[in-house]
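Asker: One structure follows; several queries about it will come next.
Bear in mind that the values in this text are calculations on the coordinates, not laboratory data. Please read these numbers as outputs of a predicted model, since none were measured by experiment.
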Amino acid sequence: LGGAQQQVAVLQGHHGMAKGVGWDPVGRYIASQGDDRAVLVWESREWSLAGRIEEPFLRTSQKTLFRRLSWSPDGQFVCAPHAYKKPAHIAVVLRRPTGTDTSQWRQECDFVGHKAPVVVGAFSPRIFTRGPPAAAEAAAGCLARPEGRPRSTG
C-alpha cells in the first residue's frame, strides 16, 4: 500500500444516503443498504447491479444512523438488518442466486422478536456441519446473530 489510491468505480443506485456496505468474503459482490429502504447488490467484475431487494424493508423507519450488513463466511448469504414484518422488526437473511441469473436474491429466513429496529447482523466466522464431520452427507451451515438498537440505561 502506501502509494497513490485510485478510484475504481462509483456505484450509483440508492435514492438517498447509503448507510451500510459489506464485501462478500470471495470479493465477487458488494452489498449496500440505504435510506431508500433497499439493499443493492453489486457484481464486482463489471461493477453492475446484480440485485435490488426492497420488499422486507418497505415498512421500516429511517431512524437509524447505520445498517451493518454481514456476509456468511462462505459468501452464500447476506444478513440485512432494519427490515420489518408485521408486527415486529426483523433482520433478513438473503441467499445468493445460483446459476447465471444473478438478480434472484431470495429471502432465506427472518430473525424475529425485536421491539426496536435491528441495526447489525453478524455471522459466525466458522462454518458448521450437521452430523459427524466425516459423513459424506453432512450439511454445511452458517450462524448469524442480529443486534437491535442500543437502549438508554437512564
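Asker: Starting from the eigenvalues of the Cα gyration tensor, five times each then square-rooted, give me the equivalent ellipsoid semi-axes of the range 1-89, largest first, whole Å.
Answerer: 25, 15, 12
Asker: Using θ = phi - 60° and the Karplus form 6.51 cos²θ - 1.76 cosθ + 1.60, what ³J(HN,Hα) does each residue of the range 25-36 get, whole Hz, x for Gly and Pro?
Answerer: x, 8, x, 7, 10, 10, 10, 9, 9, x, 5, 7
Asker: Continuing with this model, one more query. Ordered by residue, what ³J(HN,Hα) values in Hz, to whole numbers, does the range 73-80 give under the Karplus form 6.51 cos²θ - 1.76 cosθ + 1.60, where θ = phi - 60° and Gly and Pro are x?
Answerer: x, 8, x, 7, 9, 10, 8, 10
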